[in-house]
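A short worksheet on the structure shown next.
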Amino acid sequence: MSSSERLWERRVCIFDIDGVLLDVSKRYDIAYKTDPRKGRLFWQTFFSEDLLKYDVPLEIGIQNIFRCVNEKKRVIIISGRPKRLRKATEEQLREIGVLKEVHYQLLFLREDDDYRKSYIYKLEVLKRLAREYVIEEVHDDDENFLREIERLFPDVKLYLYDNGRTKEFRRQRLF
Ligand SMILES: [Mg+2]
């Protein structure tokens, strides 16, 4: 295998799930009504398995997964969802047709008792992955996460999602 082929294999696109591959606004609204201050109850509700049925596929994110695959980049998912939702999450990814596109099933979810801001958890995973892979793109709807990446990994292409809408973010393409 030539070194250029090896590089090929190591190029990855990182995707979030909620707000990127799935429109979660209904689940968000229900959680918000239970706890408008967005405390523990909000997150418990937002991450309740029963409410996942309200999620709707977001075409733009799904298309970007297939574009990455076509460009011979690997797809890895880092989500702030807790690990207890792994099975239900895999089922949702299967339903929207992207589960088998995820490189070696690399789907990172948070520990169930990890209540830190999700971008802090995601950055930890990203830094670990950056030792092994060439991170080319990150697709997320969390501006804080993208700003941190911009600071630490200035060459990574950042895609900020806003539920299928476009909005301005400093350097890169937005959805
Ligand atoms: Mg998200």
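Evaluate the Kirkwood expression for the hydrodynamic radius of the chain, namely the inverse of the mean inverse distance over all pairs of different C-alpha atoms, and round to one decimal in Å.
Result for the chain stands at 16.6 Å.
Distance between the C-alpha centers of segment 111-157 and segment 28-82? Whole Å please.
Distance between centres, Cα-based: 16 Å.
Straight-line reach only, C-alpha to C-alpha below 21 angstrom: list the lysines that Lys72 could link to, leaving out same-chain residues fewer than 8 apart.
Hits, sequence-local ones excluded: Lys100, Lys157.
Work out the length of the dipole vector of the chain about its Cα centre, built from +1 on the beta-carbon of each Lys and Arg and -1 on the beta-carbon of each Asp and Glu, and round it to the nearest 20 debye.
So the dipole magnitude of the chain works out to roughly 320 debye.
Only helices at least 20 Å long along their own axis, judged from Cα atoms, and with Kyte-Doolittle mean hydropathy of -0.5 or greater: name those in the chain from DSSP H.
Those that clear 20 Å and a mean of -0.5 are 118-132.
For the residues Arg110, Arg37, what sequence is obtained by ranking on other C-beta atoms within 10 Å, fewest first?
By the 10 Å Cβ count, ascending, the order reads Arg37, Arg110.
Compare the Cα positions of Ile78, Thr89, Leu58 along the charge dipole of the chain (+1 at Cβ of Lys, Arg; -1 at Cβ of Asp, Glu; about the Cα centre) and return the one farthest towards the positive end.
Farthest towards the positive end: Ile78.
Using modelled backbone amide H atoms (1.01 Å from N, in-plane), which distant-in-sequence or interchain residues come within less than 5 Å of Arg11's amide H?
The answer is Arg74, Val134.
Whose amide H sits under 5 Å from the amide H of Lys157, counting only residues 5 or more places off or on another chain, with H placed in the peptide plane?
Amide H neighbours of Lys157: Glu137, Val138.
Could you name the lysines whose alpha carbon sits less than 25 Å from that of Lys38, not counting residues in the same chain fewer than 8 places away?
Lys26, Lys53, Lys83, Lys117, Lys122, Lys167
Mean 1/r over all different Cα pairs, inverted: what Kirkwood radius does segment 66-145 give, in Å?
Every distinct Cα pair counted, the radius reaches 13.5 Å.
Compute the Kirkwood hydrodynamic radius of segment 8-96, taking the inverse of the mean of 1/r over all pairs of distinct Cα atoms, and give it in Å to one decimal.
14.0 Å
Read-outs: derived from the displayed coordinates by stated rules, not from any lab. Nothing here was measured: the structure is a model prediction, and the numbers come from that model. Reconstructed Cβ throughout: ideal geometry from the backbone, glycine too, with neighbour counts over all protein chains shown.
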